[in-house]
Amino acid sequence: MFSRVAAFTLVALPLLAAATPLEGRGGEPASSCSTAPVQCCNTWSNTQASDPAAAGILGLLGIVLQDLTVAVGLTCSPITVIGAGSGSCSAQAVCCQDNSHGGLISIGCVPVTL
């Protein structure tokens, strides 16, 4: 009886491990950015609104955020055509909740994979 349980365990564990979903390592897919076009930000790297550079731009624009730990992107431009020359991003591609500040700052950003 014990040998059957051991054999079942040896067969079941690798199958269970193979079927376990992995968390994405490169951000969400660009197709899941439903709030606005994907942005290419020169500075992102999880820059938070409390960062001195971000806080300075937010202050100049008169933007007050309740959550200073929200990720922001600085000097962003939209990526319009994915896969074409103008759709490439040599910095960080992100999906942001608020892109309405003329590219100076984008608020609520998460990285995306193109």
Is the range 64-72 home to any residue that is touching a helix residue (DSSP H, G or I) at 6+ places or on another chain (Cβ under 9 Å), surrounded by fewer than 15 Cβ atoms within 10 Å (Cβ to Cβ), at pLDDT 80 or above and farther than 24 Å from Cys89 by Cβ?
yes
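Can you find a residue that is in contact with an Asp or Glu (Cβ under 8 Å, 6 or more places away or on another chain), over 17 Å from Ser50 (Cβ atoms), at pLDDT 85 or above and surrounded by fewer than 18 Cβ atoms within 10 Å (Cβ to Cβ) anywhere in the range 78-101?
Just the residues of the range 78-101 that are in contact with an Asp or Glu (Cβ under 8 Å, 6 or more places away or on another chain), to begin with: 95.
Now narrow it down to the ones that are over 17 Å from Ser50 (Cβ atoms): 95.
From what's left, at pLDDT 85 or above: 95.
Then drop every residue that is not surrounded by fewer than 18 Cβ atoms within 10 Å (Cβ to Cβ), which leaves none.
No; the residues of the range 78-101 include none that is in contact with an Asp or Glu (Cβ under 8 Å, 6 or more places away or on another chain), over 17 Å from Ser50 (Cβ atoms), at pLDDT 85 or above and surrounded by fewer than 18 Cβ atoms within 10 Å (Cβ to Cβ).
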Hits in the range 14-60 - residues which are assigned to a helix (DSSP H, G or I), within 21 Å of the chain's Cα centre (by Cα) and at pLDDT below 60
Ala30, Ser31
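The values are calculated or read from the model by the stated rules, or taken from the named source; none is laboratory data. Since this is a predicted model, take the numbers as computed values, not measurements. Here the Cβ is made from the backbone with ideal geometry for all residues, glycine too, and neighbour counts use every protein chain on show.
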